[in-house]
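A.B. asks: This structure is in structure tokens; I'll ask about it shortly.
Just so you know, all these numbers are worked out from the coordinates, no wet-lab data involved. Nothing here was measured: the structure is a model prediction, and the numbers come from that model. Cβ placement follows ideal geometry from the backbone for every residue including glycine, while neighbour counts extend to all protein chains displayed.
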Amino acid sequence: MWTVNAIGRLGNLMGEYATLYSLAKMNGRQAYILPGMHSQLSRIFKIRLPVLHQEVANRLKWRNYGLHDWMSEEYRHIEAEYIHLSGYPCSFTFYNHIKDEILREFTFHDFIKEESYAYLNNVRGAKKNVTFVGIHVRRGDYVHVMPNTWKGVVADKGYLQKAMDYFRKKYENPLFIVTSNGMDWCKENINNSLEDVHFAGDGQEGSPGRDFALLSHCNHTIMTIGTFGIWVGYLVGGENHLFNKLHTA
């Protein structure tokens, strides 16, 4: 019986779920998720792993097994009956070999699909040959944490302009769907002079399902940083423009 910690927000939870699913299968074990993870992910997706009652989980003698962010060979040979995986696994290297199964686990509920398509169809209007490009701009705590703690950089308006211009040159009628936890910044810094940008997100970090679903039903992705954007790109396929990739180009 294997399970995993349920910490972080949507992108983290998806990474934890996918990693548990993959590693348990790899080691021939049955995976269970805890109620906290189920309550969050089952609101959005048709996930299928069984739920372990919290009282049962509290009484079992787990072996805590810490994971780093990427797949290691040792994870293919974990010897224990009751494993509690911990950490913030966030790399596709854990599960990309079973990508079709992971994408099936993260199938949206039908009503969420319908809401997303209705929004995009309304945005399209009478335009033909529209290509939807989802943009996720991670702001919030990253504005301070990234430069001060991780010694990194936060995507700026120049990066977003460069990425958007790429799609404008490549496709006849691109429409950009923007979501962010810093929407005021986006409206001030994203150029909409061509009227091809739609600021769609509600910015509610506590209930990100709507924003995530909208982006996931686009054709391509522009993201800045964070597991939320990474998972959007993974589900969408298409071209996924990452901040670090363009910033260093």
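A.B. asks: Is the chain best put as rounded, prolate or oblate by its Cα gyration tensor, with a ≥ b ≥ c the root eigenvalues, rounded for a/c under 1.5, and otherwise prolate when a/b is larger than b/c, oblate when not?
C.D. replies: Working: a/c = 2.16, a/b = 1.76, b/c = 1.23.
Taking the square roots of the gyration eigenvalues as a ≥ b ≥ c, the chain is prolate.
A.B. asks: Sticking with this structure for a sec: Based solely on its DSSP helices, what 222 nm [θ] is calculated for the chain when runs of n ≥ 4 H residues each add -39,500 (n - 2.57) and the sum is averaged over all residues, nearest 500 deg cm²/dmol? Could you put the intermediate results ahead of the total?
C.D. replies: On the way: 11 runs with 103 residues, N = 249.
That calculation yields -12000 deg cm²/dmol at 222 nm.
A.B. asks: What Kirkwood Rh does segment 9-86 have if only Cα atoms enter the pairwise 1/r average? Answer in Å.
C.D. replies: Numbers: mean 1/r = 0.0754 Å⁻¹.
Its Kirkwood hydrodynamic radius stands at 13.3 Å.
A.B. asks: Arrange the following residues from fewest to most other Cβ atoms within 10 Å of their Cβ: Val56, Val232. Before the final figure, lay out each step's value.
C.D. replies: Numbers: Val56 10, Val232 27.
In order of increasing Cβ crowding within 10 Å: Val56, Val232.
A.B. asks: Quick one: which residues, 5 or more positions from Tyr32 or on another chain, have an amide H under 5 Å from its amide H? H modelled 1.01 Å from N in the peptide plane, none for Pro or chain starts.
C.D. replies: Trp2, Thr3
A.B. asks: Related question: So if R0 is 22 Å, what FRET efficiency would Lys99 and Asn58 give, r being the distance between their Cβ atoms, rounded to the nearest 0.05?
C.D. replies: Values: r = 34 Å, r/R0 = 1.54.
Taking R0 as 22 Å, the efficiency between Lys99 and Asn58 is 0.05.
A.B. asks: Rounded to the nearest 20 Debye, what is the dipole magnitude of the chain about its Cα centre when Lys and Arg each give +1 and Asp and Glu each give -1 at the C-beta? Present the calculation step by step, with values, prior to reporting the outcome.
C.D. replies: Values: 27 positive and 25 negative charges, 48 e Å.
Taking the Cα centre of the chain as origin, the dipole is about 240 debye.
A.B. asks: While we're on this one: Between Asn129 and Thr107, what is the FRET efficiency for a Förster distance of 30 Å, r being their Cβ-Cβ separation, to the nearest 0.05?
C.D. replies: Computed FRET efficiency for Asn129 and Thr107: 0.65.
A.B. asks: Cα-Cα over 32 Å: which of Lys25/Lys169; Lys25/Lys162; Lys127/Lys157; Lys113/Lys187; Lys128/Lys157; Lys99/Lys162? Could you put the intermediate results ahead of the total?
C.D. replies: Numbers: Lys25/Lys169 44 Å; Lys25/Lys162 41 Å; Lys127/Lys157 27 Å; Lys113/Lys187 26 Å; Lys128/Lys157 28 Å; Lys99/Lys162 30 Å.
In this structure, Lys25/Lys169; Lys25/Lys162 lie more than 32 Å apart at Cα.
A.B. asks: Now a separate question. How do the peptides 216-226, 77-87, 119-129, 155-165 rank, highest first, by the average count of neighbouring beta carbon atoms within 10 Å per residue? Show your work: numbers first, answer last.
C.D. replies: Details: 216-226: 23.0, 77-87: 15.1, 119-129: 11.3, 155-165: 17.1.
Descending packing order for the listed peptides: 216-226, 155-165, 77-87, 119-129.
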